[in-house]
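What follows is a single structure, written as structure tokens, with notes after it.
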Amino acid sequence: MLLTSKNYFRGIWLLLLIIVAGCAETKALRESYYTPETEKCINCHSKKGISKSAVRDWKLSLHAAKKIGCNECHIPIEAASEILATASACTDKNVRRTVSPKNCLTSKCHLEQGKQFDKSKHARAWNVVVDMAKSHELTGGEQGCEGCHRIGKDEEKCDSCHTRHRFSTAWARRPETCEMCHRGAEHSETEMYMNSKHGSVYRLESHTWNWFRKTEEWYGGPFEAWSKSPRTAVCVTCHMHNGNHAIASSWGILAVPLVLVDGDEEWFGYRKTILKGLGVLDEKGKPTGRQDIIDAGILSELPRVEWLEQREEMVRICTQCHTKTYVTEKFKNADNIMKASDALMAEAVSIVEDLYNSKVLSQKRPFPAHGDILRFYEVDTPIEQMLYRMLFSQRMRNFQGIYHIVPEYQQWYGWKEMKIELEKIRSEAEKLRSEKQ
Amino acid sequence: MKPKKMWMEALVCFYLFMLTGCEGYGPYRREIAEVKLTAKAKACVECHRTKGISAISLRDWELSAHAINEVGCDQCHLPVEDASKAILDASTACDDKSVRRSVSPRNCEKCHVDQVRQFASGKHAMAWDILKAMPTTKEQPQVLIEGEKGCGGCHRIGRDEGKCDSCHTRHRFSAAEARRPEACQSCHIGHDHPQWEMYSTSKHGSIYAVEGQNWYWNKRIAEWYTMPLLKSPIIPRAPVCITCHMPDGNHAVKTSWGFWALRLSEKDGEWRGYRNTIFRGLGFMDKEGNLTERFKVFMPEGKVGLTAEEWQSGRDKMIKICTKCHAYDYSKTTLDKADEVIKSCDKLMAEAIEIVDGLYEDGILPKVEAYPPHTDLLRYYEVKHPIELHLYTMFLVHRMRAYQGAFHINPNYQQWYGWAEMKMDLQEIKNTAERLRAEKR
């Protein structure tokens, strides 16, 4: 009777439980990754029940395997003066909750990544918020603008992509890592990518891919029939080629570089009008005092040679799978759509500028002398709201939709919406003028 | 990794796998063996199989824990005596006239007594009554309410004293399935409460997306963090919906702020001013500052925390959950900042309500027969004047996004879909009001 199948299985469970429970937390296993300093922290944290699950995450990390414990990160090194100045809630007053990148970027550990990051657009993200805070009522701390732009705060926040306390490289390679910031209103890159053909392939096959492999090794052997190698591009394939943390692209975030592309003066003219609307160029086309914005990385002011370099680098990435003629043709088409949409945008900017010049709209803000699209939604009139939406939602979708190869975004959320918005701006301007008379 | 260590880790994982296996793989194992049927259930199964009526749902049931525990068709589909009148009085298409298609939670209660009672004290249980009490529900096509096609499709969770299958899908009624955030997705999505979008694109959600398939869903939530230091990749590393909203598996789902983020007790005088304006906009408060009957219907005592103590105890519970992973001061300040977001939003909201109310007071907006001569936010989109539609969008779409985005730690929703839109709404309401006044002159 005792050996019914039910009891038999229970017996096995029990036996395993005893064996494994004995082994699991033995000193031998613990010592393999605890240093004495770390053990002190963990003992106290588990006794007091403070953020214990974070400790477990750390145990699963490569840090633990390499004996990089709590103290290496949470005791700021001398160079991390801004973190040292903050208060500590720990009984050990050397400990800080916030980790300074200075600790991460020592020559022993991640110096190379730090140097690359400093050159990236991400490193300038925080300056943008500081600048915007002068003209905007910002709310929410890390739940608001800061939540994403913190990536450039205190120089850089590695955990924006490498989530605490596992700091996994493998997970950071996946597009879900970029998703929290790169989506929605102004920059729906995730929605675009996930709905593109690249994204479809990702969603269907990605669970079989080897994310632990370095990006530079993904496409190493082109004829290697190794199904675990990604079959499609993800965010890092194009934007962090070879794991390079210096993220940049030829167009920059707003796609208004002050460079002549393909010798096209007409197109450069449209871009200059848009830059006037952004308050970066004055009426005569001379740079205004808004250099800080350019420095902050909103606008890319790359010299032409760099613009070309970035484009050539991208073409090289694409040609790992596609032919060069196909890729060049795609970029040519994309550039043509950009020019067409810039023509619409420039017309809209000019309409609003004319309203200011003819005093139909009165200047309520000190700077600049015409509308200011960089004020975003903090404007006084519906027509300026329309202009803001046209530039920051619709033109962005049109532009990013082309380069992320998502016809739906480019056409229906981008181009079509721009056309409608321009029509609205035209008729609102007429209405304003007739009201004035 | 050293071979010895790898072996040890493999053993730990195996051990955990076995532990979880006890519950989770049970059904699959049993499926092979003959499912024991009571005489009554046997008759149902045979008839349904012969006639080919909803035969697939029988297979679902065979895979359920119900089948293992010999709970058959009759235990659920023959309503017990104290089942709701609506179910008892319903007609049946079955040959056996005592059978009902809809199942009453009174039947479920015979086994799941704690869960059913917890549910009854939570917000979900109010969902149907709230829907029926809305001032414009009668103006909707009834297929959207009684027919459960629109509003009713989600609010049914509170219908006939509760619909367990809103989360535990038929006929498997899996607890493991209901623990995953996708279980909440079909209702908590879009328009006025995009919690799914917020969560799934927050850092918590990204971790779930990447690692979630490895986690042990068959384990009870109460047991998820009982071994917090155990180095195991199958313990959930990020919270899912139930981690915070159903801690320990408690079915009485409620939060400090409630659905609309309107708390009754308020120490901050300035904020109380804004909130009272919103209360008036919702018809929860009269001009003299007295709470109305409507308030009692929509924010009933006991279901919604009305006192400062109840609010604080909800907050303390939440902080306790956060501190399983985060530091105390970090958790506290993060939630405090989210409170501040609500205050900022309420300031804009109150200003917008005053503007529209002013238009009514000065006779700029003509009185509409169907509703009171002031703002009534509870009418939602059933309003006559475009400016009121704008006010509705500001309140139910953008304010909700700003505040829920802040608590679900999703900067994009808080800032771009919430705060930025509210700012634009207010500007547009101001401009429209100005134009309306100018036209009247």
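The values are calculated or read from the model by the stated rules, or taken from the named source; none is laboratory data. Worth saying up front: this structure is predicted, and the values here are computed from it rather than measured. Glycine also receives a Cβ, built like all others from the backbone with ideal geometry; neighbour counts cover every protein chain displayed.
A few comments on the model shown:
- Tally of residues being β-branched (Val, Ile, Thr), in contact (Cβ under 8 Å) with a residue 24 or more places away in the chain and surrounded by fewer than 18 Cβ atoms within 10 Å (Cβ to Cβ) across the range B:222-252: 1
- Condition met for B:LEU335 (within 14 Å of chain A (Cβ to nearest Cβ) and assigned to a helix (DSSP H, G or I)): yes
- Considering the range A:179-196, the residues that are within 13 Å of A:ALA233 (Cβ to Cβ) and surrounded by fewer than 23 Cβ atoms within 10 Å (Cβ to Cβ) include one that is farthest from the other protein chains (Cβ to nearest Cβ), namely A:SER196.
- Selection of the range A:370-382 for residues being hydrophobic (A, V, I, L, M, F, W, C) and more than 10 Å from chain B (Cβ to nearest Cβ) yields A:ILE373, A:LEU374.
- The residues of the range B:136-182 that are in a loop (DSSP other than H, G, I, E, B) and β-branched (Val, Ile, Thr), listed by number, are B:THR136, B:THR169.
- Only residues that are without any contact (Cβ under 8 Å) to a residue 24 or more places away in the chain and either in contact with a strand residue (DSSP E or B) (Cβ under 7 Å, 6 or more places away or on another chain) or outside any helix (DSSP H, G or I) (or both) were counted in the range A:170-205, giving 2.
- Picking from residues in the range B:264-323 that are polar (S, T, N, Q) and buried (at least 19 other Cβ atoms within 10 Å of the Cβ), the one that is farthest from the other protein chains (Cβ to nearest Cβ) is B:THR277.
- Test result for A:HIS122, within 14 Å of chain B (Cβ to nearest Cβ), surrounded by 22 or more Cβ atoms within 10 Å (Cβ to Cβ) and either without any contact (Cβ under 8 Å) to a residue 60 or more places away in the chain or not small (Gly, Ala, Ser) (or both): no
- Count of the range A:69-100 residues which are within 20 Å of A:VAL55 (Cα to Cα) and not polar (S, T, N, Q): 15
- Qualifying residues in the range A:30-76 (those that are touching a residue at least 60 places away in the same chain (Cβ under 8 Å) and within 12 Å of chain B (Cβ to nearest Cβ)) - the one nearest to B:THR323 (Cα to Cα): A:ALA54
- Those residues of the range B:219-243 which are more than 10 Å from chain A (Cβ to nearest Cβ) and among the hydroxyl-bearing types (Ser, Thr, Tyr), in sequence order: B:THR226, B:THR243
- Every pair of residues 6+ apart whose Cβ atoms lie under 6 Å, when the first sits in the range A:99-118 and is within 16 Å of A:ALA79 (Cα to Cα) while the second is in a helix (DSSP H, G or I): A:VAL99/A:CYS73; A:SER100/A:ILE83; A:ASN103/A:CYS73; A:CYS104/A:CYS158; A:LEU105/A:LEU111; A:LEU105/A:GLY114; A:HIS110/A:CYS104
- Sole residue being within 12 Å of another protein chain (Cβ to nearest Cβ) and modelled with pLDDT of 95 or more, chosen from B:MET400, B:MET394, B:MET349, B:MET422: B:MET422
- Complete set of residues in the range A:44-75 that are small (Gly, Ala, Ser) and not in a helix (DSSP H, G or I): A:GLY49, A:SER51, A:SER61, A:GLY69
- Among (1) in a loop (DSSP other than H, G, I, E, B); (2) farther than 30 Å from A:GLU423 by Cα; (3) at pLDDT below 90, the one test that A:HIS322 misses: (3)
- Residues satisfying the criterion are present in the range B:208-218 (criterion: buried (at least 21 other Cβ atoms within 10 Å of the Cβ), at pLDDT 95 or above and within 14 Å of chain A (Cβ to nearest Cβ)).
- Breaking point among (1) under 30 Å from A:CYS178 (Cβ atoms); (2) modelled with pLDDT under 95; (3) not in a loop (DSSP other than H, G, I, E, B), for B:GLU439: (1)
- Taken together, B:ARG106, B:ARG170, B:ARG156, B:ARG100 contain a single residue that is touching a Lys or Arg at 6+ places or on another chain (Cβ under 6 Å) and of a type in the set (Lys, Arg), which is B:ARG156.
- Residue in the range A:89-96 that is in a helix (DSSP H, G or I) and either under 21 Å from A:TYR34 (Cβ atoms) or among the polar types (S, T, N, Q) (or both) present: no
- Hey, B:HIS193 away from chain A (no Cβ under 14 Å) and either modelled with pLDDT under 95 or within 13 Å of the chain's Cα centre (by Cα) (or both) or not: yes
- Residues in the range B:261-276 that are part of a helix (DSSP H, G or I) and of a type outside the set (A, V, I, L, M, F, W, C): B:GLY269, B:GLU270, B:ARG272, B:GLY273, B:TYR274, B:ARG275, B:ASN276.
- Residues that are small (Gly, Ala, Ser) and under 15 Å from the mean Cα position of the chain (by Cα), drawn from the range A:110-135: A:SER120, A:ALA123, A:ALA125
- Scanning the range B:370-390 for residues that are aliphatic (A, V, I, L, M) and in contact (Cβ under 8 Å) with a residue 60 or more places away in the chain returns B:LEU377, B:LEU378.
- Residue count, the range A:133-170 (criterion: among the hydrophobic types (A, V, I, L, M, F, W, C), more than 9 Å from every other protein chain (Cβ to nearest Cβ) and crowded, with 20+ Cβ neighbours inside 10 Å): 4
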